Structure formats: C-alpha cells, structure tokens
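J.: Pasting in a structure now, in structure tokens, and then I'll have a few things to ask.
The values are calculated or read from the model by the stated rules, or taken from the named source; none is laboratory data. Just so it is clear, the model here is predicted, and its values are computed rather than measured. We place every Cβ from the backbone using ideal geometry, glycine too, and count neighbours over all the protein chains shown. Please note that ligands, DNA and RNA were not included when accessible areas were found on the heavy atoms of the full protein model with its side chains. Shrake-Rupley method; radii C 1.70, N 1.55, O 1.52, S 1.80 Å.
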Amino acid sequence: MAEEVSSQMNSLSISETNPSSSATISLVSGDDIVFKVEPTIAKEMETVQSFIDETDGKITTIPLPNISSHDLPYVIEYCEKSIAGKITKEFEAEFVKKLNNEEVKELFLAANYLNIKKLLDFLSQVIADRIANKSVEYVRRYFGIENDFTPEEEAKLREELAWTFTGVDPDDEDEN
Amino acid sequence: DIVLQMNLLPPSKSWGQGHSTKSVSPNFLPEELITIVLSLLPVKSVTRLRCVSPSWNSFITDPTFVKLHLSRSSPNDRLTLVYTPDCAEVSFTVISLLQKPPITVKIPADPYRHLRNTDCFYIIGSCNGLICLFGQCFTAISCQEMWFRCWNPATRTLSKKFRYSPDQLFPFTYPPHLVFGYDQSSNTYKVVYLVPKRKYTKVYRFGDNVWRDIQNSPVDHDYAIHLVIVRGTVNWLAISRYSAFRYNCKAITIDQFVIISLDFSTETHTQLRLPGGFKEVPFVAPNLSVLNDSLCFSHDFQQTHFIIWKMMEFGVENSWNQFLKISYQSIEIYDHLNNSNFHMLPVCLSEKSDNILLTNSLETQSILYNLRYNTVERIKKTGWLNGWKYVESLVTFP
C-alpha cells in the first residue's frame, strides 16, 4: 500500500486534450474530483503553470494526486482572493478560523506542492503562531517527532533553558 | 498520451491521505517546511523547542539556522534600544513606535535579562541582536585595562571579556568614538575607533583581539560626533579644514560639510556629498541619523524650521530627498532662538503609523509628530539621544 502511494506521488500522468475545446483548466484531486478553474488561477500555482507552459498549453487537465477534494477548494479560494487583490487581515483570519491543525498542515503541504508562495508564507506564519506558546510535548505531537533524548539529557537541557518554560499554554487535547 | 515524470516530493516523507484519516495518520511536514515555521518563532519559543529532540537541539543552535532566523525576523519587530545610564546599573529601554501609544519596555523588567556584574558601563552599539558593551578598570593614577563584552539579552548570554591594553588606543577621550558593527564578508564583528583630532582610524576585530590601523579618514575627526550605521557602513558628518573646538556657523562655508562613510568589510572610506538643496550653513550643528535603514541628514533652517533629508538609495548622492520640513512653531518649540547649544534629532520613524519621534536638547520630553495628521504629542523621554536598532536574535558570540 505504501509503495503504491509513493509511486503515485512521484509521477504525474497527464492526458493530452485539444486546447481549443476548453479555456478552463481542470484540476483533478487525489480522490478524482474535477475542479474547473480559470487559467488565471492556474497561474498562481507555479507547479500547475509550469506544466501548462511545458506542453504549450495543450494540456488542460492536471491530476493533483496529493491534494484531496477537501483541501483543493480552500486553495482555489485563496488564489481567487489573491488575484482579486482581496487578501486582507480579516479574510485571512476568517480563512484559518475554520481550519483545525491537521487541515492547516494539509494545506501547507498543498501550498508547497503547488508552489504558491503567498499561501505558503501565510500558512507558515499561522502554524508558527499556533505553536509559539505551546509545550515541548505538544510540538512533538504536532510534528510527529520522536523524542530520542535520554531522560537525563532532557532534564539537563530543560534546566539550562528553564527561563523559556514560563508562560507556556496548557495543552488542549482535543486539537490532536 | 503524454506522460510527464516529475519528482515533486521529497522521498520517504508521508503525506497522509486527506482529512478523513487524520486521527490515524497525522501529516508529517518535511524538514524544509518545519525549518520555515521555526524560523518565524520568537527567540524564547524556538529556544524552548531545543528540548524537542537532540536533532532539533543541534539544528536550532546551528549557525545556518541562526542566520535564517535573524533574516526572517519581521521589520515590525525591530525595536529601538535606548540607553539609560544610571549610576547603580546599566539598563535599557526598548521602544516600539509602531504601536500607538508607543510601547516602551524596560529590559531589566525581566530580571533574567538584567545586566549585573558585567563591569561594563557604556554601550558601543547594537547589531544582529548583540549589544556591545565597553568597560575599563582604573588604578589610582591610570586606566589599566579596557574590554568589550557582547551581550544577547534575548538568549541571556554574555560573552567573556575581550581585553586589551589602553595604550593600544591612545589618545582616548569621552565619549569614545567607538562603533560596533558586522562585517558580512568575513562573518566577524568589529569595533571601529576614530582617534579624536586626527585622521587615524583603528579597527578591532573580535577573534584577532588587537587594534589595527587602517586607511586614514579623508578629514580630521574633530567633528565626528554622531556615528550612524547603515548597511554595513559607519557614517559621520565632517567639516573639512575646520579645527575649532566648537561649531561656529560664521566660520564655516557650505562646501566644507561632507559625509564620511567607512565600509566595515573593505575598511575603506568614501565621501558622500550632502543634498544639493542644503545651501545655507545652519546656525546650529547639523546631524546624521538613520530612519528605517535610510541615512538621514537633518539640520536647522534659519532658526524657523527643522529639515530632514533622506538618502533614498544608500551611497547614491542624487537620491537625497527632502523628507520633512517642519516649523518649530508647529511642534511648539520656542526657546531655540540664538541658542547655539540647541540640537534636535529624529530618533525613529514608523511608516505604518506615520509617527516620527524627535528629541531635542531643550526638553525632558520627546516629541511624537504624526506626519499624516500633523499632530504633536509630548511623551516621556528616557535619555534616547543614542537610539540603536535592536532586534531579538539567536546570535551567539564565539
């Protein structure tokens, strides 16, 4: 199963279509849902745009196996706002309010995969803000990092850095 | 069908499979993305996260990450460091003008950051989050030893004393014409000393720990009072062929004024012309300052106005731009007339709120002037003629 997933991730198979048939670009999510978007939206996604350029615009259907149909609408929404020049603090605050930690990470990965610089910058700041006051244990869980300190090593380092452990938020477990 | 092969993903990183399985397999972020996030965290947060794992500990303390973190610290976090000498102890105030009213934070409010027992009483400068301090010890008849220390208040680290003998720096006067800066080309920190009344310039590079003579200044240092750092250079205003002890407008012509710029990396001097619009020798001495990384030249105009010029592109003499011309009356200054000791300086500027902080020698308060609404507010002054840019960083000292 893991092998299948990784081979799928490392290649994109593209089917050629007639460029005159449609001006819109079809983005196909990993779970095979097609999202039709304007070419201007595709321009925001550098990865998608470079495909289109490489094939002289002949290809208009682009599979994005790593992005789910749950995440793709968020990405498209952000790109639309960005083109319209309507990215405001208020919009961004609303945008992330609906997203839990896992969703933010998924979108962060999607933005990285699609190479959308503005979204990447924005989401990295969102994640930084969310973990800034969190405990070490919380951050380990958040990033899935295994603690391979010996208890003695960790206790020693914590003692040395004791001043950084003031004002840490209590962990809330419902947020994974 | 055309099949395009692209290696888009870092190998061996799991991507998870959408939100439906999130409770089972969390999304793992590749190292490069974690790096981006960590570089945006405040010093205290990212230092705490050294306890996450041994590899995070070595990663966060690695000079490459330290540099990345410094470069990413938002300009909004840039604070102005203010030196408030006190006979008992050295303390600092950090001002953020971006908020209105301006926020002032006294660093010693946090006891861990308190600079105690460091045997230093003078700040030479602030650079990349490091504050360079100066100290000396005396016997009954002479100064025996001088030293520098580098202090990072954010990480609460203090370097050892870098000692040298005072005969290396002769003659030495107060306030010392010392300036602290970073040489990007060799990744070292340096202190520059302008020998008073001479053209000699000396450089102390941390690591070598000895004073070296470098190329002479084009003009004597008599008038080198205000030293400002812009983009890896130290700049000061000089009056050529002028050796009087005090500034006397009647004895100076306009073409005698020149800016001398010394590059920290190449250790060479350059002369910069003053703005073409600066045509009359002002009654009181003009000054250099730095506002938002731009070199500024400010001067009195006919004792009615105060003018600030901004060099839009550093080193380009044609890029001087008159940034502010304001009447003393509009900022409620009346006692400056025929007062040859009067001086006024811009301290910092917030482009976001259009506030500029001005300080002058007549008042115990500073002036907060709003460029957009022309409003004037007096705020408490804590002795900030020396306002350095300060940014929190993870930078450590060898």
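J.: Please report, ordered by residue number, the strands (runs of 3 or more DSSP E) entirely within region B:335-385 with at least 1 residues that are under 18 Å from residue B:298 (Cβ atoms) and open to solvent by 20 Å² or more (accessible area, probe 1.4 Å).
T.: Fully inside region B:335-385 and qualifying: B:375-380.
Here's the yes/no breakdown for (1) at pLDDT 75 or above; (2) open to solvent by 80 Å² or more (accessible area, probe 1.4 Å); (3) over 18 Å from the mean Cα position of the chain (by Cα):
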residue	(1), (2), (3)
B:100	no, yes, yes
B:107	no, no, no
B:133	yes, no, no
B:136	yes, no, yes
B:147	yes, no, yes
B:177	yes, no, no
B:184	yes, yes, no
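J.: Something else now. Being closer than 24 Å to residue A:127 by Cβ, at pLDDT 90 or above and over 18 Å from the mean Cα position of the chain (by Cα), is that true of even one residue in region A:41-60?
T.: no
J.: Condition test on residue A:167, is it more than 19 Å from residue B:53 (Cα to Cα), part of a loop (DSSP other than H, G, I, E, B) and at the interface with chain B (Cβ under 10 Å from one of its Cβ atoms)? Full working, then the answer.
T.: On the way: more than 19 Å from residue B:53 (Cα to Cα): yes; part of a loop (DSSP other than H, G, I, E, B): yes; at the interface with chain B (Cβ under 10 Å from one of its Cβ atoms): yes.
Judged against the criteria, residue A:167 is a match.
J.: Test residue A:82 against the criterion of being surrounded by 15 or more Cβ atoms within 10 Å (Cβ to Cβ) and not in a helix (DSSP H, G or I), and give yes or no.
T.: No.
J.: Any residue at all in region A:120-128 that's within 13 Å of chain B (Cβ to nearest Cβ), over 21 Å from residue A:39 (Cα atoms) and surrounded by fewer than 17 Cβ atoms within 10 Å (Cβ to Cβ)?
T.: Checked region A:120-128: at least one residue is within 13 Å of chain B (Cβ to nearest Cβ), over 21 Å from residue A:39 (Cα atoms) and surrounded by fewer than 17 Cβ atoms within 10 Å (Cβ to Cβ).
J.: What do you reckon, is residue B:340 under 28 Å from residue B:251 (Cα atoms), at pLDDT below 90 and more than 23 Å from the chain's Cα centre (by Cα)?
T.: Here the answer is yes, as residue B:340 does meet what is asked.
J.: Having 3 or more residues that are closer than 23 Å to residue B:163 by Cα and among the aliphatic types (A, V, I, L, M) is the bar; report the strands (runs of 3 or more DSSP E) wholly within region B:173-268 that clear it.
T.: B:188-194
J.: Restrict the check to region A:20-27 and report whether at least one residue is at pLDDT 90 or above, under 15 Å from residue A:111 (Cβ atoms) and either outside the structural domain of residue A:117 (by TED's automatic domain parsing) or open to solvent by 20 Å² or more (accessible area, probe 1.4 Å) (or both).
T.: No: zero hits.
J.: Restricting the search to region A:132-164, which residues are open to solvent by less than 20 Å² (accessible area, probe 1.4 Å), out of contact with any Lys or Arg (no Cβ under 8 Å at 6 or more places or on another chain), assigned to a loop (DSSP other than H, G, I, E, B) and facing another protein chain (nearest Cβ under 7 Å)?
T.: Across region A:132-164, the qualifying residue is only A:132.
J.: Would you check which residues across region B:27-55 are open to solvent by 10 Å² or more (accessible area, probe 1.4 Å), without any contact (Cβ under 8 Å) to a residue 24 or more places away in the chain, more than 7 Å from every other protein chain (Cβ to nearest Cβ) and in contact with a helix residue (DSSP H, G or I) (Cβ under 9 Å, 6 or more places away or on another chain) and list them?
T.: B:31, B:32 - these are the residues of region B:27-55 that are open to solvent by 10 Å² or more (accessible area, probe 1.4 Å), without any contact (Cβ under 8 Å) to a residue 24 or more places away in the chain, more than 7 Å from every other protein chain (Cβ to nearest Cβ) and in contact with a helix residue (DSSP H, G or I) (Cβ under 9 Å, 6 or more places away or on another chain).
J.: Here's another thing I want to ask about it. Name the single residue that is nearest to the other protein chains (Cβ to nearest Cβ) among those in region B:62-73 being in contact (Cβ under 8 Å) with a residue 24 or more places away in the chain and over 14 Å from residue B:392 (Cβ atoms).
T.: Residue satisfying both the conditions and the ranking: B:68.
J.: Could you count how many residues in region B:250-266 are closer than 15 Å to residue B:219 by Cβ and open to solvent by less than 50 Å² (accessible area, probe 1.4 Å)?
T.: 8
J.: Conditions first: (1) within 14 Å of residue A:37 (Cα to Cα); (2) more than 13 Å from chain B (Cβ to nearest Cβ). Residue A:72 passes all but one, so which condition is the exception?
T.: (2)
J.: When the residues of region A:88-104 are narrowed to those that are assigned to a helix (DSSP H, G or I) and in contact (Cβ under 8 Å) with a residue 24 or more places away in the chain, which ends up nearest to the other protein chains (Cβ to nearest Cβ)? Working first, answer last.
T.: Step one: list which residues in region A:88-104 are assigned to a helix (DSSP H, G or I), which gives A:89-97, A:101-104.
Add one more test, that the residue is in contact (Cβ under 8 Å) with a residue 24 or more places away in the chain, and what stays is A:92, A:96, A:101-104.
Numbers: A:92: 15, A:96: 14, A:101: 9, A:102: 4, A:103: 6, A:104: 9 Å.
Checked region A:88-104; the qualifying residue nearest to the other protein chains (Cβ to nearest Cβ) is A:102.
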